[in-house]
Structures are given as structure tokens and as C-alpha cells.
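Remarks on the structure that follows.
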Amino acid sequence: MGSKRSLSDTKELADLAAKHARIIESGWTGTNERTFIAVKPDGVQRRLVGEIIRRFERKGFKLVGMKLLQASEEELRQHYGDLREKPFYSGLVKYMSSGPIVAMVWQGLDVVKTARKMLGETNPADSLPGTIRGDYCVEVGRNVIHGSDSVESAQREISLWFKHHELFCWEECNEHWIYA
Ligand SMILES: Nc1ncnc2c1ncn2[C@@H]1O[C@@H]2COP(=O)(O)O[C@H]2[C@H]1O
């Protein structure tokens, strides 16, 4: 009874599958570009999760994945592999594994570059007011949020922190008010 599908349901499912296949083939470019954002342990402790999500939602980006997790040192060594020679590396791994983080994937046109602007500079002292780091933190070693620095890093980081089935393709009802 409940399992019966009408012809239009079947067509809708086929259209959706074709759309997702096109998006995946396109390599997440254009309005489907994706970036990895993490609210760091200090951001979670300081109750900044809601404010950060609010900023990305209000901007017009789409949340396609999110989870609260406590990262292991091993996962963080993979994530920050290119910084392993830096003097702050072991402190960074300890800080990042010291409490829960909120890992997210946001989608939208030029989201990698725009998210970096919304975050501000790595060092909060160089971040303008109005940016997340400019408004909510003071020291580089406690800079509350991470965002991928390039499309390639975003792809690597998303696949490190998220499994396929944890990411969603969903249709926004107000998309035509965000994109012309
Ligand atoms: N000079 C520094 N001292 C301590 N931590 C740093 C320094 N420079 C960069 N970091 C950290 O290294 C991180 C690398 O990318 P993030 O955007 O996560 O934010 C950065 C900071 O948390």
C-alpha cells in the first residue's frame, strides 16, 4: 500500500538522481562549490556555534553536512599535515583535540573564497571587525574557526571528515532569490 509509487514519483526520483549525478560530475564547481568549515573547541566552548551558522545561512550559503565530534590527534595530524614542520604544530594538534568541534560543509558560488573573507585573517589581530575572527577572538592560537584555503584543500578536507552518506543534496525553495 504505502510502497506504491506513482509514475510522477518515479520520474521525480529519476530527475533528482540525474541532477545529483550532474553535480558530482561537475566536481562541485559554480553554485555547487563546497567548503569545509570547523568551529574549533574554543568556538564551541564560547557558545559561538549558533552565531557562526547564522552568518553562513544569512549570507545565502547552503548547509550540506554537519556534525559534533571530538577529533583524534591522528585525524588532526592528517588534516594539518602541511604544517607539521611549524613550531606551533604540536600545540595546534593538542588544542584541536581538546574538546568537541563542529564540522560543517557549506555550499554555494565561490564559497571557499567568500568563507575565508567571512572568517577574517588567520591572526585575529589582522582581522577586520565584521569578520568572525575580527569580532570574536584575539589570539592566533585560539582563533575559533577553520575554513579551507582552496577548492583543492576543501575537497581533501571534506573527504577526510565526512563520509559520502553524511553529505546532502537538497533543493532550496528560495534559490531563485539568491542566484539570478
Ligand atoms: N603562529 C601561530 N601560532 C599558533 N597557532 C598558529 C599560528 N599560525 C597558525 N596557527 C594555527 O594553525 C592553524 C592553521 O589553519 P587554521 O585556519 O585552522 O588556523 C590556524 C591557527 O589555529
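Nothing in this text is a laboratory measurement; each read-out follows from the coordinates by a stated rule. Computed from a prediction, not measured in an experiment: that's the story for all the values here. Cβ atoms come from the backbone with ideal geometry, glycine included; neighbour counts cover every protein chain shown.
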Practice task
Choose one of Tyr136, Phe56, Gly30: the residue whose Cα lies farthest towards the positive end of the charge dipole of the range 28-178 (beta-carbon charges +1 Lys, Arg; -1 Asp, Glu; about the Cα centre).
Solution key: Tyr136
Completion exercise
Any DSSP H helix in the chain with Cα axial reach of 20 Å or more and mean Kyte-Doolittle score of at least -1.0? Listed by number, the hits are 7-25
Completion exercise
Looks like the range 66-165, by Cα gyration tensor root eigenvalues a ≥ b ≥ c and the a/c under 1.5 rounded cutoff (else prolate when a/b is bigger than b/c, oblate otherwise), is oblate
Practice task
Provide Asp82, Asp110 in ascending order of the number of other Cβ atoms located within 10 Å of each residue's Cβ, fewest first.
Solution key: Asp82, Asp110
Fill in the blank from the handout: Exposure-ranked with fewest Cβ neighbours within 10 Å first, Lys163, Lys94, Lys62 stand as Lys163, Lys94, Lys62
Problem - Over the chain: helical MRE at 222 nm, DSSP H runs n ≥ 4 each giving -39500 (n - 2.57), nearest 500 - result: -12000 deg cm²/dmol
Exercise for the section: Round to a whole angstrom and tell me the spacing of the C-alpha centers of the range 145-166 and the range 36-76. Expected result: 13 Å
